[in-house]
Amino acid sequence: MKGVKMIRSREFLLGSVPVLAAFAALAAAVWGAGQARRAREFEALADEYMSVTQSACARCCEELSDAVGEMALSLEKLTVAGSARLTVTALEDAASGSRAAASILSRLPLGCAATQSDAAFLNRVGEYARSLELTVLAGGELNHQERDRLASLLEAAQEMSRDALCALSSGEAPTGLEELDFYADADSAHTWPRIDYDGKFAERTLPEPMCNAAPEASPEEALEKARTLIGPDAQPAGVTGGRLAVYAFVSGERELELTVHGLEIVHLSEPPQTGEDAEPANSGALEAAANAYLLSLGFEDMTPAELTVDGGEARFVFVPAEEGVLILSDCVRVTLEADSARPVGFDAGEYLANKRARAIPRPAVGPDEARAALSKNLTVTGRALALVPLTPYTEELCYAFDCTSGGGEYRVYVSAMTGEELLIQKLLRENDGFRLL
Amino acid sequence: MKKRMIRALGLLLAAAMLLPLASLASGISYGARGDEVRRIQQKLKQWGYYSGAVDGVFGSGTLAAVKSFQRKNGLKADGIVGPATAAAMGISLPSGAGTQTGDVWLLARVIYGEARGEPYKGQVAIGAVVLNRVKSPSFPNTVAGVVYQRGAFDAVSDGQINLAPNETAVRAARDALNGWDPTGGCLFYYNPVTATSRWMLSRPVLLRIGNHAFC
């Protein structure tokens, strides 16, 4: 009986194996079908996104070609515009076209080589057109030199437009799916005409920093000074080249930079000890502490231009005055612990890079005449004279009027030479501090 | 695998080219600080969504409370106090503040993705390079435009920009935005050990900080 039972259970086992195998095969087939369906869905999604990418890229290329073409057309119209009104319209259209083209170019999937010089050219054309527009609006006319320059820009813009169209029609325009080395062949970029004008993008050489006239100090002399400032453990941390060459040092968490010429302090910092949520001291106490710190570093009669209080720190921007005129580009930055007002940071990079011998002009326009240029919506609450950097290369003596209007606070700069309104900044007060936008 | 990579790239590219710039960085979000955050916390505490300190710091507690409020009020629960959420709370967002906060956060993410572990000055230097490009006519004129320019930063290509930055990176971003530029105007940097671009390697190096050479 036992033997019969064993034979029957073996038969049962042998008989159930094919059933189990069939069941397993069915489950695998069902799972496989599910996987295959998912793979097809992903493929369809990938195809769809490829199509979206290519369409978006094609649209960008077409829009770039259109924008450059519009810019070139506006420059062409300038060559035949007779009235000031049409000249201004054409210049505004050229500036608008260049801004659009530069913006579209930045979104195309192109490497550094293709975009750097093209973007710089487009931005400069737009800025130049805008500067000429202001001249004509003020009653001036375009002189021969400016017209010749516009003619060369027209030629260059037409070349850029032709190149864009050729790339589109020959299929060489980017599709968005290419592998990209952002920096490949960056030196083979096209050379566009140079434009001489005053503007933030103008190609000019900045004046040599005054401190570079001092003799060059040796690394050993710099280290000796560093040890008196941040402690005997100070160690060299490198040298920076460029317009303002500096020696860098570290001592624990303290960092220091000294100019190579003259060993002036460029930067000094250490991490704050208090937490980010510490209750800040009042702005008067912070300003007094910052001024005392600046005095200890040899900076007298500095005026606070900005104060930001957040993250447990109070960060000041101070500017000096010469002959009663605030020199806005020669700023120094001081950082304090917001609660204890202990100085933890100092930066004079802008002060040292921009400071130079200046002949401060006398105002040609009186304060009342300058005030008349302001909007009738503004209520003036304060006034100062300031040398305002309009571009990295030019400054203008201005009356800085502090004003209020509709609950907002503003600083309006009116030229003290021409009486023209030049710049408006919004004064934003937050967290016991203030800054200008 | 290739199709999936193309799909991911397509998403990134399509978003970069189709989304208007105005849709980027608006509203108050995680990491923000200030009176606006304090007001939000006060409101949420009043209504029982938030039980933490009204300290003006948009941390994880505030984030959870904002999402809870958004869910209860049928808003998109993204944790960002944008115009719709602010209106539902009965507060108005100040103009300009959101943009600055957005720039700080994006810059901090780039710094964290590119230079975490580097000396603090090196992290500020990365932020300064981004801002120098914004000021340059050769590059896009916004922080987001510079950061998302295709192929410009490895942290964007490999997704590390999506990691939440630490406090050091946020502080470095603030210092860079506040004007500290340890590079003296540099527009490029690279790691000499891993860089392969011959053009980059041929540029004169102005300074080195940690693993990065700046030029």
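Among the residues of the stretch B:67-77 satisfying the criterion of being farther than 16 Å from B:Y50 by Cα and open to solvent by 60 Å² or more (accessible area, probe 1.4 Å), which is farthest from the chain's Cα centre (by Cα)?
We begin by selecting, within the stretch B:67-77, every residue farther than 16 Å from B:Y50 by Cα; these are B:74-76.
Remaining after also requiring open to solvent by 60 Å² or more (accessible area, probe 1.4 Å): B:74, B:76.
On the way: B:G74: 27, B:K76: 21 Å.
Among them, the one singled out is B:G74.
Within the stretch A:383-437, how many residues turn out to be touching a Pro at 6+ places or on another chain (Cβ under 9 Å) and in a loop (DSSP other than H, G, I, E, B)?
5
Please go through the stretch A:52-64 and give me each residue that is open to solvent by 60 Å² or more (accessible area, probe 1.4 Å) and of a type outside the set (D, E, K, R), ordered by number.
A:Q54, A:S55 - these are the residues of the stretch A:52-64 that are open to solvent by 60 Å² or more (accessible area, probe 1.4 Å) and of a type outside the set (D, E, K, R).
Just one of B:A169, B:A173 is of a type in the set (A, V, I, L, M, F, W, C) and in contact with a Leu (Cβ under 6 Å, 6 or more places away or on another chain); which is it? Steps first, answer last, please.
Working: B:A169 fails: in contact with a Leu (Cβ under 6 Å, 6 or more places away or on another chain).
Unique residue meeting the criteria: B:A173.
Restricting the search to the stretch B:56-79, which residues are within 14 Å of chain A (Cβ to nearest Cβ), out of contact with any strand residue (DSSP E or B) (no Cβ under 9 Å at 6 or more places or on another chain) and assigned to a loop (DSSP other than H, G, I, E, B)?
B:G59
Being under 29 Å from A:Y49 (Cβ atoms), open to solvent by less than 20 Å² (accessible area, probe 1.4 Å) and of a type in the set (G, A, S) is the requirement here; does A:A119 meet it?
Spelling it out, A:A119 is indeed under 29 Å from A:Y49 (Cβ atoms), open to solvent by less than 20 Å² (accessible area, probe 1.4 Å) and of a type in the set (G, A, S).
Picking from A:R99, A:R147, A:R85, which residue would you name as being open to solvent by 60 Å² or more (accessible area, probe 1.4 Å) and within 14 Å of chain B (Cβ to nearest Cβ)?
On the way: A:R147 fails: within 14 Å of chain B (Cβ to nearest Cβ); A:R85 fails: within 14 Å of chain B (Cβ to nearest Cβ).
Checking each option against the conditions leaves just A:R99.
Got a sec? Which strands (runs of 3 or more DSSP E) wholly within the stretch A:288-378 have at least 1 residues that are away from chain B (no Cβ under 14 Å) and either modelled with pLDDT of 95 or more or under 25 Å from A:R429 (Cβ atoms) (or both)?
Hits in the stretch A:288-378: A:303-310, A:325-327, A:343-347.
Quick test for you: out of A:A217, A:A213, pick the one residue that is in contact with a His (Cβ under 9 Å, 6 or more places away or on another chain), loosely packed, with under 14 Cβ neighbours inside 10 Å and within 30 Å of A:L297 (Cβ to Cβ).
A:A213 is the lone residue from the list that is in contact with a His (Cβ under 9 Å, 6 or more places away or on another chain), loosely packed, with under 14 Cβ neighbours inside 10 Å and within 30 Å of A:L297 (Cβ to Cβ).
Which of the residues that make up the stretch B:171-212 are charged (D, E, K, R), facing another protein chain (nearest Cβ under 8 Å) and either in contact with a Ser or Thr (Cβ under 7 Å, 6 or more places away or on another chain) or open to solvent by 50 Å² or more (accessible area, probe 1.4 Å) (or both)?
B:R171, B:R208
Going through the stretch A:190-208 one residue at a time, which ones are of a type in the set (A, V, I, L, M) and buried (at least 18 other Cβ atoms within 10 Å of the Cβ)?
Matches in the stretch A:190-208: A:I195, A:A202.
Can you pull out every residue in the stretch A:401-437 that is of a type in the set (A, V, I, L, M), under 27 Å from A:P207 (Cβ atoms) and open to solvent by less than 10 Å² (accessible area, probe 1.4 Å)?
Within the stretch A:401-437, A:V414, A:A416 qualify.
Given the condition over 30 Å from A:R435 (Cα atoms), part of a helix (DSSP H, G or I), within 12 Å of chain A (Cβ to nearest Cβ) and open to solvent by 40 Å² or more (accessible area, probe 1.4 Å), answer yes or no: does some residue in the stretch B:129-140 qualify?
no
Across the stretch A:218-270, what is the total count of residues that are at positive phi and out of contact with any Asp or Glu (no Cβ under 9 Å at 6 or more places or on another chain)?
Total meeting the criteria: 3.
Looking at the stretch A:157-182 only, could you name the residues that are surrounded by fewer than 18 Cβ atoms within 10 Å (Cβ to Cβ) and more than 14 Å from chain B (Cβ to nearest Cβ)?
A:Q158, A:E159, A:R162, A:D163, A:L165, A:C166, A:A167, A:L168, A:S169, A:S170, A:G171, A:E172
Does at least one position in the stretch A:328-336 carry a residue that is more than 14 Å from A:A305 (Cα to Cα) and loosely packed, with under 15 Cβ neighbours inside 10 Å?
no
Being within 22 Å of A:V332 (Cβ to Cβ), touching a strand residue (DSSP E or B) at 6+ places or on another chain (Cβ under 8 Å) and hydrophobic (A, V, I, L, M, F, W, C) is the filter here; which residues of the stretch A:350-398 pass it?
A:L352, A:I360, A:A384, A:L385, A:A386, A:L387, A:V388, A:L390, A:L397, A:C398
Quick test of your reading of the structure: A:L352 fulfils all but one of (1) of a type in the set (A, V, I, L, M, F, W, C); (2) open to solvent by 50 Å² or more (accessible area, probe 1.4 Å); (3) more than 18 Å from A:G419 (Cβ to Cβ). Name the failing condition by number.
Of the numbered conditions (1) of a type in the set (A, V, I, L, M, F, W, C); (2) open to solvent by 50 Å² or more (accessible area, probe 1.4 Å); (3) more than 18 Å from A:G419 (Cβ to Cβ), the odd one out for A:L352 is (2).
Here is a list: A:L122, A:L168, A:L110. Which entry is among the hydrophobic types (A, V, I, L, M, F, W, C), at pLDDT below 85 and within 30 Å of B:V143 (Cβ to Cβ)?
Just one listed residue meets the conditions, A:L110.
Is at least one residue of the stretch A:268-277 in contact (Cβ under 8 Å) with a residue 12 or more places away in the chain and in a strand (DSSP E or B)?
Going residue by residue through the stretch A:268-277, those that are in contact (Cβ under 8 Å) with a residue 12 or more places away in the chain are A:268-277.
Adding the requirement that they be in a strand (DSSP E or B) leaves A:268-269.
Yes.
If I filter the stretch B:31-59 down to residues being open to solvent by 40 Å² or more (accessible area, probe 1.4 Å) and modelled with pLDDT under 80, which single residue comes out as nearest to A:E62 (Cα to Cα)? Talk me through it step by step, then tell me what you get.
Step one: of the stretch B:31-59, the residues open to solvent by 40 Å² or more (accessible area, probe 1.4 Å) are B:33, B:35, B:38-39, B:42-43, B:45-49, B:51, B:53-55.
Imposing the further condition that a residue be modelled with pLDDT under 80 reduces the set to B:33, B:35.
Numbers: B:R33: 43, B:D35: 46 Å.
Among those that are open to solvent by 40 Å² or more (accessible area, probe 1.4 Å) and modelled with pLDDT under 80, it is B:R33.
For every residue, the table says whether it meets (1) part of a loop (DSSP other than H, G, I, E, B); (2) touching a Ser or Thr at 6+ places or on another chain (Cβ under 6 Å); (3) away from chain B (no Cβ under 14 Å).
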position: A:A184; (1), (2), (3): yes, no, no
position: A:Y197; (1), (2), (3): yes, yes, no
position: A:F201; (1), (2), (3): yes, no, no
position: A:E220; (1), (2), (3): no, no, yes
position: A:E224; (1), (2), (3): no, no, yes
position: A:R227; (1), (2), (3): no, no, yes
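Inside the stretch A:292-326, can you point out the residues that are under 24 Å from A:I360 (Cα atoms) and among the acidic types (D, E)?
The answer is A:E300, A:D301, A:E306, A:E322, A:E323.
The values are calculated or read from the model by the stated rules, or taken from the named source; none is laboratory data. Note that this is a predicted model, so its numbers are computed, not measured. All Cβ positions, glycine included, derive from the backbone under ideal geometry; neighbour counts span all protein chains shown. Note: areas computed on protein heavy atoms with side chains; ligands, DNA, RNA excluded. Shrake-Rupley method; radii C 1.70, N 1.55, O 1.52, S 1.80 Å.
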